[in-house]
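Below is one structure, written out as structure tokens; comments come after it.
The values are calculated or read from the model by the stated rules, or taken from the named source; none is laboratory data. These figures come from a predicted structure and were not determined experimentally. Ideal geometry is used to build each Cβ from the backbone, glycine not excepted, and the neighbour counts take in all protein chains shown.
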Amino acid sequence: MTSALPQPSLQVRNLSVTYPNDNGGLQALTDLTFDVHPREFICILGPSGSGKTTLLRVLAGLLPPSSGEVCFLTEQAPLIGYVFQQANLMPWRSAMENIMLPLEMQGVPLENARRRAAELIELTGLKGFEDSWPRDLSGGMAQRVAIARALIQDPDLLLLDEPFGSLDELTRDRMGEELLDLWQNRRSTVLMVTHSVSEALLLSDRVLVLTPRPGQLALDYPVTLERPRCEEMRYTAQFGEMAKELRAAIIE
């Protein structure tokens, strides 16, 4: 990233979210303000219950804010892709058919949808698994299908809610590398929730650290590691120092 950033494509201003309950409401987020620039990769860190998933749901339009606003500074309403922690694939559809689903719902001709799905299958390392059923896919493979399904519409904003959280450590690291390659190839704007400091540093341009509930912005941290990134960067002194600073912000 250079110091001269483009104009923001998304502005979050004084965002607060309170879930109603019998005790006057549970405040998940309070007075949250930040910008997102085109083609940025932003990771969101914070302790459990700090409102990370709530934030993504608001950005996706699935949950209205209690106060504040979310402004997309684009000429047209943005197309948003969302990948959850669980792949949530339709069990009666093959991997290819799951990926094609968003285009089918838009009425895209079947041949065109299949061609675009085939491109993403190649890009996400799913070649040879096109006709597999979800029950026959590993956790990592299922998440690849979910990511390809979200990307097939070429979203303006891709929201990832800890998509590798249920995977074992080795698979998670491998999926992180593959996501990094995918992003460097397509350069979508990405906001990703993670509990891994190392994952956040390896992937992102910036890390937003939230406080314990109600979540506020504790730190907006620029990641100054050079791109392209690689796994070996995890073992450098610079990486270790940055990880130390982020962990300190989360603990505070």
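Structure above, values below:
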| item | result |
| --- | --- |
| Residue count, the stretch 69-83 (criterion: at pLDDT below 90 and either on the phi > 0 side of the Ramachandran plot or surrounded by 12 or more Cβ atoms within 10 Å (Cβ to Cβ) (or both)) | 4 |
| Flag if residue 142 is under 14 Å from residue 182 (Cα atoms), of a type in the set (Gly, Ala, Ser) and part of a helix (DSSP H, G or I) | no |
| Test set (1) among the aromatic types (Phe, Trp, Tyr); (2) crowded, with 22+ Cβ neighbours inside 10 Å; (3) more than 26 Å from residue 36 (Cβ to Cβ) - residue 164 fails condition number | (3) |
| Of the criteria (1) among the hydrophobic types (A, V, I, L, M, F, W, C); (2) over 21 Å from residue 122 (Cα atoms); (3) surrounded by 18 or more Cβ atoms within 10 Å (Cβ to Cβ), which one residue 148 fails | (2) |
| Where residue 185 falls short, out of the listed (1) surrounded by fewer than 18 Cβ atoms within 10 Å (Cβ to Cβ); (2) touching a helix residue (DSSP H, G or I) at 6+ places or on another chain (Cβ under 6 Å) | (2) |
| Residue that is nearest to the chain's Cα centre (by Cα) [pool: residues in the stretch 225-249 that are loosely packed, with under 12 Cβ neighbours inside 10 Å and among the acidic types (Asp, Glu)] | 226 |
| Failed condition for residue 100, given (1) outside any strand (DSSP E or B); (2) touching a helix residue (DSSP H, G or I) at 6+ places or on another chain (Cβ under 9 Å); (3) surrounded by fewer than 19 Cβ atoms within 10 Å (Cβ to Cβ) | (3) |
| Any chance residue 91 is of a type outside the set (Lys, Arg) and modelled with pLDDT under 90 | no |
| Matching option when the condition is within 21 Å of residue 161 (Cα to Cα) and of a type outside the set (Asp, Glu), among 126, 79 | 79 |
| From 104, 122, 130, residue being more than 19 Å from the chain's Cα centre (by Cα), at pLDDT below 90 and not assigned by TED's automatic domain parsing to the domain that holds residue 59 | 122 |
| Breaking point among (1) on the phi > 0 side of the Ramachandran plot; (2) not assigned by TED's automatic domain parsing to the domain that holds residue 27, for residue 93 | (1) |
| Failed criterion for residue 68 (all others in (1) farther than 20 Å from residue 203 by Cα; (2) within 19 Å of the chain's Cα centre (by Cα) hold) | (2) |
